[in-house]
Amino acid sequence: MPPKPFNFPAKRTAAIFLLTTTAAAAFTANSDESSPLAADKIRAQIHGIARTARAVSTVASTVVDYEFSLRGLPKYSDQYRKTSSQVHLRSAERFLKLCESNKGFYVKAGQFIASQKVLPREYSSTLSSLQDQVAPLPFKVIEKVLKDNLGPDFSEKFLSIDERPIGAASIAQVHHAVLKSGQEVAIKVQYPWIEQQMHFDTRTMYFLSKVIAWLYPQYRFEWLPLTFAKSVSSELDFVQEARNSERAAKNFRNNKIVRIPNVFWKNRIFTAKNKSCFSLSSSPKLQI
């Protein structure tokens with residue numbers, strides 16, 4: 001007897017359509033043409049729409065895969081367990097590709113998911129390969145952030161700033177610099193659009209998770225996006241990072257093995273000794 005043809009349920013189709021229209025609505029609602037940074041915002045939102053479209057496609061493909069592959073199999077049978085593992089692996093590989101394509105917070109989300117032991121091992125083992133490394137931004141973009149946070153005369157605070165970054169990741173990049181005193185420091189600069197991108201992407205992740213929960217009441221991971229958003233938002237607060245560094249230095253002041261840079265505050269700048277360390281600005285977007 002030939003298998004029945006699989007028809008994607010109307011409820012799933014409606015959900016995917018809703019995802020797409022919501023993304024478009026978010027783009028329109030968040031546009032602010034009166035702002036001098038409107039062009040940058042619109043550009044960021046267009047990229048956000050593209051990332052959302054890839055996320056929608058990945059979730060839709062995964063929903064279809066689970067629905068079709070497990071359809072008709074006895075839930076506790078060996079065939080069900082074997083097929084489930086295969087679908088988990090295919091789905092994890094889709095999400096890996098999504099994270100690598102969307103970069104930024106999707107990479108961080110993939111790393112976060114990989115660390116959660118409550119998910120099927122196929123997800124954690126596949127997503128654990130993600131690396132948080134990106135191509136650095138041109139220095140003119142970094143220079144604008146420095147001017148916005150330290151003033152147009154920011155260069156007078158330094159003897160030199162190396163325009164070539166010594167490291168770049170999903171939320172910031174680091175430049176070697178020398179203060180007027182001759183002290184070597186590292187400037188960690190947060191990308192100017194990163195906070196907006198975080199809100200856009202984490203809302204998308206939250207919405208996708210809610211849709212999956214709506215489609216599948218047995219879905220138990222609605223808490224993941226909110227937990228991830230809370231975790232990643234703390235990474236954007238460079239001021240708190242400076243305070244944590246000072247607290248750690250105080251706690252380990254008598255330890256000869258652990259070495260923590262001395263952070264000192266000067267005007268709007270927190271500075272740490274040694275080339276390999278960081279310093280921070282009182283703006284949450286800048287570490288010096």
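Within the stretch 239-255, the only residue that satisfies the criterion of being open to solvent by 70 Å² or more (accessible area, probe 1.4 Å), of a type in the set (S, T, N, Q) and assigned to a loop (DSSP other than H, G, I, E, B) is N254. For the stretch 180-200, the candidate set comprises residues that are open to solvent by 60 Å² or more (accessible area, probe 1.4 Å) and touching a Leu at 6+ places or on another chain (Cβ under 8 Å); within that set, the residue that is nearest to L98 (Cα to Cα) is E195.
Reported count of residues in the stretch 67-99, each being of a type in the set (D, E) and either at pLDDT 90 or above or under 20 Å from S231 (Cα atoms) (or both), is 2.
No other residue among A168, A172 is modelled with pLDDT under 90 and touching a Pro at 6+ places or on another chain (Cβ under 7 Å) apart from A168. Residues in the stretch 41-63 that are open to solvent by less than 20 Å² (accessible area, probe 1.4 Å) and modelled with pLDDT under 85 were compared, and the one that is farthest from the chain's Cα centre (by Cα) is Q45. When the stretch 41-93 is filtered for residues that are more than 23 Å from S125 (Cα to Cα) and of a type in the set (G, A, S), the ones remaining, listed by number, are A44, G48, A50, A53, G72, S77.
Scanning the stretch 73-120 for residues that are open to solvent by 80 Å² or more (accessible area, probe 1.4 Å) and in contact (Cβ under 8 Å) with a residue 60 or more places away in the chain gives K103, V118. Here R203 clears all of (1) within 30 Å of R164 (Cα to Cα); (2) surrounded by fewer than 19 Cβ atoms within 10 Å (Cβ to Cβ) except the condition numbered (1). Look through the stretch 151-167, keep the residues that are surrounded by fewer than 17 Cβ atoms within 10 Å (Cβ to Cβ) and among the aliphatic types (A, V, I, L, M), and return whichever of them is farthest from S234 (Cα to Cα). Per the criteria, the residue is L159.
The values are calculated or read from the model by the stated rules, or taken from the named source; none is laboratory data. The structure presented is a predicted model; accordingly, all values stated were derived computationally and were not measured. Virtual Cβ from ideal backbone geometry, glycine too; neighbours counted across all protein chains shown. Just so you know, the surface numbers come from the protein's heavy atoms only, side chains and all, with ligands and any DNA or RNA stripped out. Shrake-Rupley method; radii C 1.70, N 1.55, O 1.52, S 1.80 Å.
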